[in-house]
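K.L.:
Below: one structure in structure tokens.
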Ligand code: PMP
């Protein structure tokens, strides 16, 4: 054994690391390194640790379940915790979304819903939004258009994926209405020039564009998608992998738009860190999924993940976390808007709940990844962990665990303000 080697080198370089922190412990919004140094985790694993790191109720559920049953092979038995989770999600979701399929990651769940949409409609094509992120598998890479690095040197990717603009009004320098009208027109042109409606199985959208820059989808656009899908028998898929489980101030972000999808994709925040994802759909659609044509070893069978998900949902309800999200969101957005007045490099402050963006621009209004990077580096150096996003990498995202309190938001804003002052 090579004992002289830095053991971190054993890890593949394909993982890029924002920091070299050796994380050994987590509690609430904090992560601790080997030396006991404390870091504010405003990344939440991009929407994973919504209940905070190691929430006692989630930890207890994992411990209890591990002594009862860790795994049950779905082709052979039906673990009762898996049924319990379906029941709990059924209570949470609007009536037509009452059938469930579980898997391990967001990518897998997205793959699953495309397979389901193809079988249900008998059609092959999928329309995705410009700036989307749906995963890292070959199919979901083809559905991901936020950054070329996610697809770099992986061609050929599966065919049948067509891209339509997302109504990102700040990016175009337009009003929201102008951006929506443009996106509606362009979708019509996609139908006319690329994927005929009767060849289109599904349209998929993130209700807040995630990796593409934390841009909420306007209600009018979502409602238009619902109308178009109904007219043409296309399934509307809403990917709430990042925005789900309280992140935007409601259990799911789609609740804020009066639009119910045909298929809902969920992952990340569902398990508080245990790998679990799922899709919810209607009885009519799920019935058409030919038995045996999809599955996987761990999906539905990894019972500890089911127990963690049950405890996560209970915790969000019992601790009134949604109300905390709404209050902290208001505080955060107000604080950032004040800073925007002082620092014109912040071109835009936007978001829903605790999925908030600060977009950095140069004096001429063009995207500034350089400024975003400077500010981000300064924040991280001051133990506030944050991540960038956006096709130009010029957006800093604010995604603390949903249990963050008032004083912690204030502290994060202070660190950010100092970082802005350092960056100019
Ligand atoms: N969809 C969205 C909206 C995501 O943000 C992500 C992950 N960032 C995925 C799908 C893929 O999830 P996973 O990394 O669990 O495969």
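K.L.:
Might you check whether a residue that is touching a residue at least 40 places away in the same chain (Cβ under 8 Å) and buried (at least 23 other Cβ atoms within 10 Å of the Cβ) occurs anywhere in segment 361-374? Before you say what the answer is, go through the steps one by one.
P.N.:
Within segment 361-374, the subset touching a residue at least 40 places away in the same chain (Cβ under 8 Å) is 365, 371, 374.
Within this subset, residues satisfying the condition of being buried (at least 23 other Cβ atoms within 10 Å of the Cβ) are none.
No: segment 361-374 contains no residue that is touching a residue at least 40 places away in the same chain (Cβ under 8 Å) and buried (at least 23 other Cβ atoms within 10 Å of the Cβ).
K.L.:
Now for a different question. Would you point out the residue of segment 139-157, among those that are over 20 Å from the mean Cα position of the chain (by Cα) and within 16 Å of the ligand (Cβ to nearest atom), that is surrounded by the most Cβ atoms within 10 Å (Cβ to Cβ)?
P.N.:
Here is the first cut: in segment 139-157, the residues over 20 Å from the mean Cα position of the chain (by Cα) are 152-157.
This time we only want the ones that are within 16 Å of the ligand (Cβ to nearest atom), so: 154, 157.
Numbers: 154: 11, 157: 14.
Per the stated criteria, the residue is 157.
K.L.:
Let me ask another. Do we have residue 290 as closer than 26 Å to residue 177 by Cα and away from the ligand (no atom under 15 Å from the Cβ) here? Step through it out loud before you land on a result.
P.N.:
Numbers: closer than 26 Å to residue 177 by Cα: no; away from the ligand (no atom under 15 Å from the Cβ): yes.
For residue 290, the condition - closer than 26 Å to residue 177 by Cα and away from the ligand (no atom under 15 Å from the Cβ) - is not met.
K.L.:
Given the conditions (1) in contact with a helix residue (DSSP H, G or I) (Cβ under 9 Å, 6 or more places away or on another chain); (2) more than 24 Å from residue 295 (Cβ to Cβ); (3) in contact (Cβ under 8 Å) with a residue 40 or more places away in the chain, and given that residue 132 satisfies all but one, which numbered condition is not satisfied?
P.N.:
(1)
K.L.:
Quick check on my filter: what residues within segment 44-69 are more than 16 Å from the ligand (Cβ to nearest atom), surrounded by 14 or more Cβ atoms within 10 Å (Cβ to Cβ) and either assigned to a loop (DSSP other than H, G, I, E, B) or touching a residue at least 12 places away in the same chain (Cβ under 8 Å) (or both)?
P.N.:
Initially, segment 44-69 is screened for residues more than 16 Å from the ligand (Cβ to nearest atom), giving 51-69.
Next, only the ones that are surrounded by 14 or more Cβ atoms within 10 Å (Cβ to Cβ) stay: 51-55, 57-59, 61-62, 65, 69.
Hits for segment 44-69 are 51, 52, 53, 54, 55, 57, 58, 61, 62, 65, 69.
K.L.:
Residue 136 fails exactly one of the following numbered conditions: (1) within 8 Å of the ligand (Cβ to nearest atom); (2) more than 23 Å from residue 221 (Cα to Cα); (3) buried (at least 24 other Cβ atoms within 10 Å of the Cβ). What is the number of that condition?
P.N.:
(3)
K.L.:
Here is a further query. Give the residues of segment 161-195 that are surrounded by fewer than 17 Cβ atoms within 10 Å (Cβ to Cβ) and assigned to a loop (DSSP other than H, G, I, E, B), sorted by residue number.
P.N.:
Selection gives 173, 174, 175, 194.
K.L.:
Every residue in segment 73-87 that is surrounded by fewer than 18 Cβ atoms within 10 Å (Cβ to Cβ) and touching a helix residue (DSSP H, G or I) at 6+ places or on another chain (Cβ under 7 Å), please.
P.N.:
84
Values in this text are rule-based calculations from the coordinates and carry no lab data. Please read all numbers here as calculations on a predicted model, not as lab measurements. With ideal geometry, Cβ positions are generated from the backbone for all residues, glycine too; neighbour counts draw on all protein chains shown.
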